[in-house]
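Here is the structure we will look at, set down as structure tokens.
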Amino acid sequence: MKIPQNVDFFIFDLGNVIIDIDYDFSINELKKILPEHKHDLTSQFFPSQFHKDYEKGLISSAEFRNEVRRLYQEDWTDDQIDHVWNSLLRTIPQERIDLVNTLKSDFGTGILSNTNAIHIDKMGEILQSQHGEKSVYELCHHAFLSHEMGLAKPDEAIYEAVLDVIKLPAHKVLFFDDLEANIKGAKNVGLQVQHITHSKGLVEFFGLL
């Protein structure tokens, strides 16, 4: 395995870095329970303001679900909403789990994700069922989750908050993310960065292909 020099701590985004996500799949699940004449409204599901509020912890899971009901004017159950919301979370390749576990033995590791309570609970189920891992919180040494921090990428404040916790200079930290805006935000505070652009990008970076 190729380890970059001058790095003491590795930080990973979740979506499309650790776990594969599929927004189109989730939208198709939404269409299954939404009357056809409302299908045009599916484009508002992920970019909604209440989604942004939820991933910053500004509203509760119950309030989030009520906002979904209000947007679509549908009296869906919690389970129906959670199914659609969680359906974008797909698989976690074993090679990524193996990589993180290998790095944990010699380096500091962390998760930094724009996420929410419903997704984190589901991630725990997926980790347990696919890999026998207990939860996101045990995947790395630290779990920096937007809804618990009240902050979100790409705001520079979230990266600065991470550095305050791990007590390392920014140039000793390498951050992996699939979104260019998040990479830019991290770079602005001095982190080393790696933009993950395809499903093998993470393991490829470490020379594991």
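For region 23-86, the spherically averaged projection of the C-alpha convex hull amounts to 3.9 nm². Evaluated with a Cβ-only charge set (Lys, Arg +1; Asp, Glu -1), region 23-86 carries a dipole of roughly 140 debye about its Cα centre, given to the nearest 20. Residues Arg90, Arg65, Arg70, ranked from the fewest to the most other C-beta atoms within 10 Å, line up as Arg70, Arg90, Arg65. In this calculation the C-beta distance from Gln130 to Lys104 is compared with R0 = 22 Å, giving a FRET efficiency of 0.75. Averaging the sequence gap over all C-alpha pairs within less than 8 Å and six or more residues apart, then dividing by the number of residues, gives region 1-93 a relative contact order of 47 percent.
Here the sum of -39500 (n - 2.57) over DSSP H runs of 4 or more residues, divided by the residues of the chain, equals -13000 deg cm²/dmol at 222 nm, to the nearest 500. With the cut-off at under 13 Å, measuring from each backbone N in region 1-35 to a point 7 Å along the Cα-to-Cβ line of Thr42 picks out 23-35. By the count of neighbouring beta-carbon atoms within 10 Å, fewest first, Ile97, Ile111, Ile33 end up ordered Ile33, Ile97, Ile111.
On full extension, the segment bounded by Asp121 and Met1 gains 40.0 nm, given 0.36 nm per residue less the C-alpha separation. Sorted fewest first by neighbouring Cβ atoms within 10 angstrom, Ile126, Ile18 come out as Ile126, Ile18. Convex hull volume of the Cα atoms of region 76-149, normalised per residue: 87 Å³. Evaluating kT/(6 pi eta Rh) at 25 °C and 0.890 mPa s, with the Kirkwood radius of region 107-209 over Cα pairs in the Stokes-Einstein relation, gives 169 µm² s⁻¹.
Each Cα pair under 8 Å and six or more residues apart adds its sequence gap; the mean of these over the residue count of the chain is a relative contact order of 30 percent. Distances between placed amide hydrogens fall under 5 Å for Phe175 paired with Ile11, Gln192, Val193, Gln194, all partners being 5 or more residues away or on another chain. Residue ranges 26-32, 197-203, 117-123 sort as 117-123, 26-32, 197-203 when ordered by packing (mean number of other C-beta atoms within 10 Å per residue, highest first).
Only the coordinates and a few stated rules stand behind these numbers; no lab work does. Since the structure is predicted, the reported quantities are computational estimates derived from the model, not experimental observations. As a convention, Cβ positions derive from the backbone with ideal geometry for all residues, glycine included, and neighbour counts pool all protein chains shown.
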